[in-house]
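Visitor: Can you read through this structure? Questions will come right after.
Read-outs throughout are calculated quantities, based only on the coordinates presented, and are distinct from any laboratory measurement. Remember, it's a predicted structure, so these values are computed and weren't measured experimentally. Methodologically, a virtual Cβ is constructed for each residue, glycine included, from the backbone with ideal geometry; neighbour enumeration extends over all protein chains shown.
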Amino acid sequence: MEFSKEVQAEAWLRQDGRCAYCGKELVFESTQQGERGAWEPHHRKAIKYGGTNYLRNCVLLCINLPENCHLNIGHSGDYKESPILHDADLPYLYYGDR
């Protein structure tokens with residue numbers, strides 16, 4: 001199951017159009033790898049571990065090299081050991097003051 005377009009748009013505003021991990025500027029319409037500012041919505045807690053498709057569990061991560069935070073942070077070996085991305089793991093999760 002995927003995040004709705006509404007949830008993705010709310011996450012976009014919360015993150016001010018930036019990757020939640022590296023802060024790279026994203027382009028809202030770019031959702032295919034190779035496009036400038038491409039990104040993927042990611043479950044902070046995987047569905048198989050009890051995560052949901054609500055905003056509190058949605059984070060937008062870049063998918064282009066060299067960072068590719070969606071693959072390198074969201075699906076890294078560390079993530080498999082501890083399947084939750086916490087606020088402390090995501091320096092650009094919130095725009096402005098937390």
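Visitor: Considering only L60, L26, L13, give the residue with the highest GNM mean-square fluctuation for the chain, with springs between Cα atoms whenever their separation is below 10 Å.
Guide: Taking springs between Cα atoms under 10 Å, the residue moving most is L13.
Visitor: Long-range amide H contacts for L93: which residues qualify at under 5 Å (H placed 1.01 Å from N, peptide plane, sequence gap of 5 or more or a different chain)?
Guide: none
Visitor: Where does the chain land on Rg/Rh, using Cα atoms and the Kirkwood Rh? Could you put the intermediate results ahead of the total?
Guide: Details: Rg = 12.2 Å, Rh = 13.2 Å.
Ratio of gyration radius to Kirkwood radius: 0.93.
Visitor: Let me ask another. Find, among the chymotrypsin sites (Phe, Trp or Tyr not before Pro) in segment 28-72, those assigned to loop by DSSP (not H, G, I, E, B) with at most 14 other beta-carbon atoms within 10 angstrom.
Guide: F28, Y54
Visitor: Taking a spot 7 Å from the Cα of L71 along the direction of its beta carbon, which residues of segment 39-60 have an amide N less than 14 Å from it?
Guide: 39-40
Visitor: Okay, moving on. Could you please report the charge total around H86, scoring K, R as +1 and D, E as -1 over all other residues with beta-carbon less than 11 angstrom from its beta-carbon?
Guide: 0
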